[in-house]
Amino acid sequence: MKEKRIAFCPTLAAGDAVRQYKGWRKGIDAEPWQIVAKRKSFAAALKSGVTICMGGDVGVFTHGDNAREMEMMVDYGMKPIDVLKSATSINADVFGYGDQIGRIKKDLLADIIAVTGDPSTDIKNIRKIIFVMKDGKIYKQL
């Protein structure tokens, strides 16, 4: 994948949700082989330096809970700052929109959130949203 510049989108939260729907009690039962295999493939991707984008197949689990994927990426070994990059600039680049979105930069479209705390050191802070702006319009402000 690295050689051919193919990005890896692990969709960790989807597999996690499916296993739980099938009866796995996360944190109580041993991890099923599918979860163990996903951990190994994610670790291999991190080690190899393959580009990792962020996407969790929302819909397999509750819409609006995309942070679940980000938290799992950290749990599986990725640094929080790298997860944030995956969800923004890397995703934009992978999907061919890096010249339009994915960064706070003059002449790019900007959907911006602000959170309490620093998600680059603790990804769980990504859930503590206090400000949302899309296309220059403020949707949430505390």
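The values are calculated or read from the model by the stated rules, or taken from the named source; none is laboratory data. Note that the coordinates shown come from a computational prediction; the quantities given were computed from them, not determined experimentally. A quick note on method: Cβ atoms are made from the backbone with ideal geometry, for glycine too, and the neighbour counts reach across all protein chains shown.
Scoring Ser48 on the criteria (1) of a type in the set (Ser, Thr, Tyr); (2) within 17 Å of Ala7 (Cβ to Cβ); (3) at pLDDT below 95 leaves a single failure, condition (3). Taking each residue of segment 95-106 that is among the basic types (Lys, Arg) and looking for partners that are modelled with pLDDT of 95 or more and in a loop (DSSP other than H, G, I, E, B) with beta-carbon atoms closer than 8 Å, six or more apart or interchain, yields nothing. Please find, within segment 57-92, the residue that is nearest to Ile6 (Cα to Cα) out of those that are in a helix (DSSP H, G or I) and of a type in the set (S, T, N, Q). The selected residue is Asn91. In the set (1) of a type outside the set (Val, Ile, Thr); (2) closer than 19 Å to Arg39 by Cα; (3) exposed (fewer than 15 other Cβ atoms within 10 Å of the Cβ), the condition left unmet by Glu71 is number (3). The lone criterion from (1) at positive phi; (2) in contact with a Cys (Cβ under 6 Å, 6 or more places away or on another chain) left unmet by Cys53 is number (1).
Just to be sure, is Pro32 surrounded by 16 or more Cβ atoms within 10 Å (Cβ to Cβ) and over 16 Å from the mean Cα position of the chain (by Cα)?
Details: surrounded by 16 or more Cβ atoms within 10 Å (Cβ to Cβ): yes; over 16 Å from the mean Cα position of the chain (by Cα): yes.
Criteria met by Pro32.
For segment 25-53, the tally of residues that are of a type outside the set (S, T, N, Q), in contact with a helix residue (DSSP H, G or I) (Cβ under 8 Å, 6 or more places away or on another chain) and either assigned to a loop (DSSP other than H, G, I, E, B) or without any contact (Cβ under 8 Å) to a residue 24 or more places away in the chain (or both) stands at 5.
Can you find a residue that is over 24 Å from Arg68 (Cβ atoms), of a type outside the set (Asp, Glu) and not in a strand (DSSP E or B) anywhere in segment 132-140? Within segment 132-140 (the criterion being over 24 Å from Arg68 (Cβ atoms), of a type outside the set (Asp, Glu) and not in a strand (DSSP E or B)), the answer is yes, since at least one residue qualifies. Against the conditions (1) aromatic (Phe, Trp, Tyr); (2) surrounded by fewer than 17 Cβ atoms within 10 Å (Cβ to Cβ); (3) in contact with a Phe, Trp or Tyr (Cβ under 7 Å, 6 or more places away or on another chain), Tyr76 satisfies every one except (2).
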